[in-house]
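Enquirer: Supplied in structure tokens, the structure appears directly below.
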Amino acid sequence: MDILRDHVAYKIERSVGTSSIFNKPLVSLVVPAYNEVSIVEKNLAKLSRYMESLEDEYRWEMIVVNDGSSDETGALIDAFARTRDNIHALHHLNNFGVGQAFKTAFDHCRGDYVVTLDLDLSYTPDHIGKLLCKIRETGAKIVVASPYMKDGRVSNVPWLRRVLSVWANRFLSMTAKGDLSTLTSMVRAYDAKFLRTLDLRSLGMEINPEVVYKTMLLQARLEEIPAHLNWELQKAEGIKRRSSLKLLRHTFAMLVSGFLFRPVMFFIIPGLALLVFALYVNTWTVIHFIAQYQAVPEYSWFFTRASVAVGAAYSQFPHTFIVGLLALMLSIQLISLGVLALQSKSYFEEIFHLGTSIYRATREQGGTEHR
């Protein structure tokens, strides 16, 4: 009788334990890697230990994407993945960029939440827990780790990259008309269900502002947490970052992203400023014409006198005529392009909303059929 009672108690305890395990949210940690042979084993081990510390609250899996590394990074990732069932290695034959690495990983994520992190651990692993806490607390669709918001910090980053990053994010924040202070950070937590509804196109780092832009179009909630971006580890160990990020290409991508957020800043505002300048210059053109009109002999026909006055004014002040007319023409063109850009943006938003709705319905229908 005692044996039967103990067996029943064990079955109940095991059943409750299993149930509690599967009630925990599943977190998919996505880590892209490119030519990181000097740090890959050590940093993946650090990430694994940190994720193990969260196991009272979360289940987890780690997806490491080798983005076409030319060194032994891929082999080391494979070896590390064999140590645990919940660590998965994916490989690109060529280096496509961090955007494609993310998209490849997102297609394989099974989690309720997706967290992206750089393998160099310039953002320490404890940011993962903070991101997850914020996304669950607020119900946001995306939470971004921001070193540029209040209480955020940046340490040991080369001055040129730091300046470019700061101003790129200020520029994007201004064009996005949102409250985010950092739009380029790749360290984020996503609501996985929402993430699957986004059709992402970018291959490089520009995927980060693209995600923010499309999230804003869908009027989904975005949040930030203060973060510490620190390159101390690389500096201390003499590691040279061999990122595929090219500064000029990145700068151009940020300008394109800013244009997508608010094309009015690129066309209509400069066009209006140029129009004011053109009106000022052309006012002097009119003044010079009136002065010459009064000075030339009177003709019986008004147009003859006006033609002579225009010719005399132009011969004395040709720059006024040329600058005024060119500025007026250019301002009209810029304003016209701005109106067309706004119209195209409006069409894109309508199509994007429609496409997202269709995509969601298709996925939900597919999920129902599988069940």
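Enquirer: Name the pairs: first residue in the stretch 203-224 and of a type in the set (G, A, S), second residue surrounded by 16 or more Cβ atoms within 10 Å (Cβ to Cβ), Cβ to Cβ under 7 Å, at least 6 apart or on different chains?
Expert: G204/G97; G204/V98; G204/G99; G204/A253; A220/K141; A220/F194
Enquirer: Please specify each residue of the stretch 117-131 satisfying the condition of being of a type outside the set (D, E, K, R) and out of contact with any Leu (no Cβ under 8 Å at 6 or more places or on another chain).
Expert: Residues of the stretch 117-131 that are of a type outside the set (D, E, K, R), as a first pass: 117, 119, 121-125, 127-129, 131.
Passing the criteria: T124, L131.
Enquirer: Can I ask one more? Is there any pair linking a residue in the stretch 118-140 that is within 14 Å of H228 (Cα to Cα) to one that is surrounded by 20 or more Cβ atoms within 10 Å (Cβ to Cβ) and among the charged types (D, E, K, R), with Cβ under 9 Å and at least six apart or on different chains, and which?
Expert: That search, which allows pairs on different chains as well, returns D120/E36; L131/R188.
Enquirer: Can you tell me which residues in the stretch 250-289 are among the β-branched types (V, I, T) and modelled with pLDDT of 90 or more? Step through it out loud before you land on a result.
Expert: Initial filter on the stretch 250-289 (among the β-branched types (V, I, T)): 251, 256, 264, 268-269, 276, 281, 283, 285-287.
Those that are among the β-branched types (V, I, T) and modelled with pLDDT of 90 or more: V276, V281, T283, T285, V286, I287.
Enquirer: To continue, here is another question. Tell me which residues, restricted to the stretch 31-64, are surrounded by fewer than 22 Cβ atoms within 10 Å (Cβ to Cβ) and in contact with an Asp or Glu (Cβ under 6 Å, 6 or more places away or on another chain).
Expert: The answer is N35, V37.
Enquirer: Looking only at the stretch 118-136, filter to residues that are part of a loop (DSSP other than H, G, I, E, B) and under 23 Å from G97 (Cβ atoms); which one of those is nearest to the chain's Cα centre (by Cα)?
Expert: D118
Enquirer: Identify the residue in the stretch 264-288 that is assigned to a helix (DSSP H, G or I) and aromatic (F, W, Y) and, among all such residues, is farthest from A306 (Cα to Cα).
Expert: The initial filter retains those residues of the stretch 264-288 that are assigned to a helix (DSSP H, G or I), namely 264-265, 268-288.
Checking which are aromatic (F, W, Y) leaves us with 277, 280, 284.
Working: F277: 25, Y280: 21, W284: 16 Å.
Checking each candidate, the answer is F277.
The values are calculated or read from the model by the stated rules, or taken from the named source; none is laboratory data. Treat the numbers as computed from the prediction; the structure is a model and nothing was measured. Counting neighbours? That spans all protein chains shown, and the Cβs are built from the backbone with ideal geometry, glycine included.
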